[in-house]
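Here the structure comes first, spelled out in structure tokens, and everything after it is commentary.
The values are calculated or read from the model by the stated rules, or taken from the named source; none is laboratory data. Predicted, not measured: the structure shown is a model, and the values here were computed from it. Backbone-built Cβ (ideal geometry, glycine too); neighbour counts: all protein chains shown.
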């Protein structure tokens, strides 16, 4: 049996045989050099991006507005008078279609009810079919309609502005 002759807290003599059937590995000894790091493996290929088609655009619902209705709403809210317009500016509110209305009275009557939808109390000129101008009593029902009463019944046209 071989015994270690080392002295101190550190045991550095290698192998000691206490029992011939038992082998003990020493705790000391010089440490070996660290091995080199392995080579990194290759990166895999990136997959291809999927290709698809965009779906069709939906149609407007029954409650939708047309482009013309939106433009009309914008134009209608532009100005109440022409006083605010800069010199040379085009007034999109006071167009012929917005400030005038022609009513045709096809049936002879002494009372004409005119729904003009102008939003103000307009001036009125009335002519019969021969071009004679008549005066009547005007009653402004509200800002979108009026009634004209004459002394006799006739047909013709009323020009409102």
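Within the stretch 96-114, the set of residues being closer than 14 Å to residue 160 by Cα, surrounded by 12 or more Cβ atoms within 10 Å (Cβ to Cβ) and touching a strand residue (DSSP E or B) at 6+ places or on another chain (Cβ under 6 Å) comprises 101, 103, 105, 112, 113, 114. Residue count for the stretch 124-137 satisfying the condition of being in contact with a strand residue (DSSP E or B) (Cβ under 7 Å, 6 or more places away or on another chain), surrounded by fewer than 16 Cβ atoms within 10 Å (Cβ to Cβ) and part of a loop (DSSP other than H, G, I, E, B): 1.
Conditions (1) in a strand (DSSP E or B); (2) closer than 16 Å to residue 100 by Cβ; (3) under 43 Å from the mean Cα position of the chain (by Cα); (4) modelled with pLDDT of 95 or more, marked per residue:
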residue	(1), (2), (3), (4)
114	yes, yes, yes, yes
117	no, yes, yes, no
121	no, yes, yes, no
139	yes, no, no, yes
146	yes, yes, yes, yes
150	yes, no, no, yes
153	yes, no, no, yes
156	yes, no, no, yes
